[in-house]
């Protein structure tokens, strides 16, 4: 039985070898496009070879990004300020931080880091550390002035139909006085109009 297995594996190896050589000889590889260029293998590699030789290259120092101005990070979108001076701690401001969606903050709540909302006025808020001085003042831009103007008279518009109200006319003299009311004649036989009803 062992001789049969050995014979089987020898013939399988011979068939695989013949197949591999047949594919190499009969199959042609795809041709390169006509505009391709062959890379030059004789050029010397240029660059830092310290890592190749076992020396660790110094870590690149990333340039520290400048800290944006504090006012530029915050965008005040709206305020709800109290009218009474006693309720100054009840104001709410709508603030967007670093371009993120805006959130509503009450006076005394943390807006970003150590900055808390310190006060809310009619069109502005102040931020700063809790119990410290105000460091950031945010203002809402004033609204654009309302568009005002004077409309031209209706007759001056081109293409508009002209309309003149009718003038009252005088009534004839005969129509100005109403005739006296007419009375119905009484029927004969002594009956009145009430009895006929």
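Of all residues in segment 134-156, those that are at pLDDT below 80 and either surrounded by 10 or more Cβ atoms within 10 Å (Cβ to Cβ) or not in a loop (DSSP other than H, G, I, E, B) (or both) total 3.
Which members of segment 113-133 meet the condition of being farther than 19 Å from residue 94 by Cβ and touching a strand residue (DSSP E or B) at 6+ places or on another chain (Cβ under 6 Å)? Scanning segment 113-133 gives 114, 130.
Checking each residue of segment 56-68 against the condition of being modelled with pLDDT under 85, within 30 Å of residue 121 (Cβ to Cβ) and either under 41 Å from the mean Cα position of the chain (by Cα) or surrounded by 10 or more Cβ atoms within 10 Å (Cβ to Cβ) (or both) gives at least one match.
Kindly indicate whether residue 22 is closer than 30 Å to residue 135 by Cα and at pLDDT 80 or above.
For residue 22, the condition - closer than 30 Å to residue 135 by Cα and at pLDDT 80 or above - is not met.
Just one of the numbered conditions (1) surrounded by 10 or more Cβ atoms within 10 Å (Cβ to Cβ); (2) at pLDDT below 80; (3) within 18 Å of residue 136 (Cα to Cα) is not true of residue 50: (3).
The values are calculated or read from the model by the stated rules, or taken from the named source; none is laboratory data. Model, not experiment: these values are computed from the prediction. Reconstructed Cβ throughout: ideal geometry from the backbone, glycine too, with neighbour counts over all protein chains shown.
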